[in-house]
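Accompanying notes for the structure given below.
The values are calculated or read from the model by the stated rules, or taken from the named source; none is laboratory data. Worth saying up front: this structure is predicted, and the values here are computed from it rather than measured. Ideal geometry is used to build each Cβ from the backbone, glycine not excepted, and the neighbour counts take in all protein chains shown.
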Ligand SMILES: [Ca+2]
Ligand SMILES: [Ca+2]
Ligand SMILES: [Ca+2]
């Protein structure tokens, strides 16, 4: 005879996905998805609970099947729960999940606060009855319900056949035991958290001389863990954080990774909308890195050719081969004037950053000689004066720093006769390591 009515009345799983940052510079990306079954990521196979009133212990056991089509990495579960007397009055459809879950009232919600898998309740859960309902013995202990605001919850790893790899189709079983003292209605909420390898779409930094009428910009897709079936993205332009429309996309070129695709571009509100689709049934972008399409831009005369234009991918919609959205990080790139070796004239005022004139000529060589003799470049010049050195295509050499790239060594931190020689090459229109090293162009 169960002395107290214990009803496990609902449970749900939020699939919370995020990208583990590769570097501290990249903000973590994660997102909560709507509950089953709409996300079509996990299928509940079975659910059981056992209640031992003599020790007030509840064990809830879930069986979930990975139906994402991919391996889920480092799956773990965070089990949240709460008591409520009126939870049946709320239908599932009213729940809204987008990084937070709203449950039977606005206080009964939770947010994933960091990619370590910890969650905080938004606010107090119950202020009545008084004293508040108690819970204890969970993970490893939980404060009183009424004091849960700001509480962090640890997570458990989900045991899979291969640790850390929940392969597509595998059913994983996990149990969450906890102790209750005043069980009444019980709502249990589990969040499943996993590392999302994700995809990144990024614009590759590109140099263009002010004289260039057009510029071709590579768009990369980094999809190491996913096949991709289609790409749509708007590439928008900014200068110093202000939206601009300096470049007009007039065409696109596919890469080796996208030979089975067609690419289309069109200007939409100043941004270049890029669409990559395949009419071939087997047309997927296999897991890999970088170039999927080269955008062919012409300058439209709206901006100074010497401006540095930031190209920002927006509204990226990346689809897997099954027509499902793949979470995507958008990474901007720049189209900037080619400045390597352009050290003359000096900047107009300290910190103005406006040194150079878009050309490397005898004046730049003389200025570089001064630097090699000990003259101090201004900040702008300093960024341009230490240049790649060598001769493109020559026999590889030993570089003072870095690795020889087909005859060119990277900048080495000092200004010497070798830097001067690169500028001489440029002034004489010979193959030069500034151009080769930064643009891979041998002419
Ligand atoms: Ca444009
Ligand atoms: Ca110059
Ligand atoms: Ca140097």
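Computed quantities for the displayed model
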read-out: The listed residue being without any contact (Cβ under 8 Å) to a residue 40 or more places away in the chain, exposed (fewer than 15 other Cβ atoms within 10 Å of the Cβ) and on the phi > 0 side of the Ramachandran plot, out of 323, 353; value: 353
read-out: Among the residues listed as 359, 370, the single one being part of a loop (DSSP other than H, G, I, E, B) and either in contact with a strand residue (DSSP E or B) (Cβ under 7 Å, 6 or more places away or on another chain) or more than 16 Å from ligand 1 (Cβ to nearest atom) (or both); value: 359
read-out: Residues that are more than 6 Å from ligand 2 (Cβ to nearest atom) and closer than 24 Å to residue 429 by Cα, drawn from segment 341-353; value: 341, 343, 345, 346
read-out: Those residues of segment 356-374 which are more than 12 Å from ligand 2 (Cβ to nearest atom) and exposed (fewer than 13 other Cβ atoms within 10 Å of the Cβ), in sequence order; value: 373, 374
read-out: Hits in segment 210-245 - residues which are buried (at least 16 other Cβ atoms within 10 Å of the Cβ) and closer than 20 Å to residue 357 by Cα; value: 212, 215
read-out: Within segment 326-348, tally of residues that are outside any strand (DSSP E or B), on the phi < 0 side of the Ramachandran plot and either in contact (Cβ under 8 Å) with a residue 40 or more places away in the chain or within 16 Å of ligand 3 (Cβ to nearest atom) (or both); value: 7
read-out: Residue 290 vs. criteria in contact with a strand residue (DSSP E or B) (Cβ under 8 Å, 6 or more places away or on another chain) and over 14 Å from residue 202 (Cα atoms); value: no
read-out: Per-region count, segment 286-321, residues within 16 Å of residue 261 (Cα to Cα) and in a loop (DSSP other than H, G, I, E, B); value: 5
read-out: Single condition residue 332 does not satisfy, out of (1) more than 16 Å from ligand 1 (Cβ to nearest atom); (2) closer than 30 Å to residue 68 by Cα; (3) modelled with pLDDT under 95; value: (1)
read-out: Qualifying positions in segment 382-422 - within 14 Å of ligand 3 (Cβ to nearest atom), on the phi > 0 side of the Ramachandran plot and touching a strand residue (DSSP E or B) at 6+ places or on another chain (Cβ under 8 Å); value: 390, 402
read-out: Any hit, segment 300-308, residues being in the same structural domain as residue 327 (by TED's automatic domain parsing), more than 16 Å from ligand 1 (Cβ to nearest atom), in contact (Cβ under 8 Å) with a residue 24 or more places away in the chain and under 25 Å from the mean Cα position of the chain (by Cα); value: no
